[in-house]
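Single-structure report; data block below.
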Amino acid sequence: MATVLSVSGSPSVSSRTAKLLRHLDTRLAAQGHEVIPLDVRTIPAEALLGADFKHPAIVEATELFARADGVVIGTPVYKAAYSGVLKALLDLLPQYALTGKTVLPLVTGGSTAHVLALDYALRPVLNSMGAAHIVQGWFTLDKDITTGEDGGIIVAPATAEALTQVVDQFSAALGSAPLLAAAG
């Protein structure tokens, strides 16, 4: 199976984006992929903002991208674009860090007014970094991602169904095993 790097570009500790990604990671792992989570917010700010290419955390992130067969990139929308911490990381990666990789872009936001951030802000950057195949991404409204009493994530049913299809298409593009039935 493939190695998938699952990158959360949210700067928030209580990020809906990160929770959604970790939820989707479970599906990818159940399909037999090795999933490696990366929360960009855990990379030291001085490394990101100081453009310290030699910082151990930047070197490690670069190695994770190189090792991955596929990359899931999730980000909240800020000012009609992807997050600044994600931008800072992408700027520090080699120009063609996504060459030969299948990429799934995911965006979360408070309003459907930001849905175009996926195709007009994030997708062009991923393309410029050499992604072999950028599968259909998905925009999820913040209100469709909640936390249950047990701390687990609850995704609105229609959104969950759409995300299942998008994740399964990504998995198929990676050349995965037969897809799982949608979880109820």
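The values are calculated or read from the model by the stated rules, or taken from the named source; none is laboratory data. Nothing here was measured: the structure is a model prediction, and the numbers come from that model. In this analysis, Cβ positions are derived from the backbone assuming ideal geometry, glycine residues included, and neighbour counts consider all displayed protein chains. Each accessible area value is taken on the protein alone, full model and side chains, heavy atoms only, with ligands, DNA and RNA left out. Shrake-Rupley method; radii C 1.70, N 1.55, O 1.52, S 1.80 Å.
Structure values in brief
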{"quantity": "Largest to smallest accessible area among ASP150, ASP142 [probe 1.4 Å]", "calculated": "ASP150, ASP142"}
{"quantity": "Choice from VAL40, VAL59, VAL103 with maximal GNM fluctuation in the chain (Cα, 10 Å cutoff)", "calculated": "VAL59"}
{"quantity": "Nearest-10 value in Å² for the accessible area of PHE53, using the 1.4 Å probe", "calculated": "120 Å²"}
{"quantity": "24 Å Cα-Cα reach of LYS143 towards lysines, excluding residues that sit fewer than 8 places from it in its own chain", "calculated": "LYS19, LYS79"}
{"quantity": "Residue with peak Gaussian network fluctuation, the chain [Cα springs, cutoff 10 Å], from ARG22, ARG41, ARG67", "calculated": "ARG67"}
{"quantity": "Alpha-carbon Rg/Rh ratio, for the range 78-184, with Rh computed the Kirkwood way", "calculated": "0.99"}
{"quantity": "Accessible-area ranking of GLU161, GLU34, largest first, probe 1.4 Å", "calculated": "GLU161, GLU34"}
{"quantity": "Contour minus Cα-Cα distance for LEU49 and GLU161 (0.36 nm per residue)", "calculated": "36.6 nm"}
{"quantity": "Reciprocal of mean inverse Cα separation for the chain (Kirkwood radius, Å)", "calculated": "16.4 Å"}
{"quantity": "Accessible surface of the chain [probe 1.4 Å, protein heavy atoms]: carbon and sulfur percent", "calculated": "57 percent"}
{"quantity": "Listed residues THR159, ALA132, GLN169: farthest to the positive end of the dipole of the range 118-170 (Cβ charges)", "calculated": "ALA132"}
{"quantity": "Label-point separation in nm, LYS79 to THR112, each point 7 Å along Cα→Cβ", "calculated": "2.7 nm"}
{"quantity": "Computed over the range 75-184: relative contact order in percent, which uses C-alpha pairs under 8 Å that are six or more apart", "calculated": "25 percent"}
{"quantity": "Part-to-part distance (alpha-carbon centres) for the range 23-102 and the range 105-164, which is given in Å", "calculated": "16 Å"}
{"quantity": "Contact order normalised by residue count of the range 22-133, Cα under 8 Å, 6+ apart, percent", "calculated": "25 percent"}
{"quantity": "Selected from VAL115, VAL13, VAL166 as most flexible by GNM, with the chain as the system and alpha-carbon contacts under 10 Å", "calculated": "VAL13"}
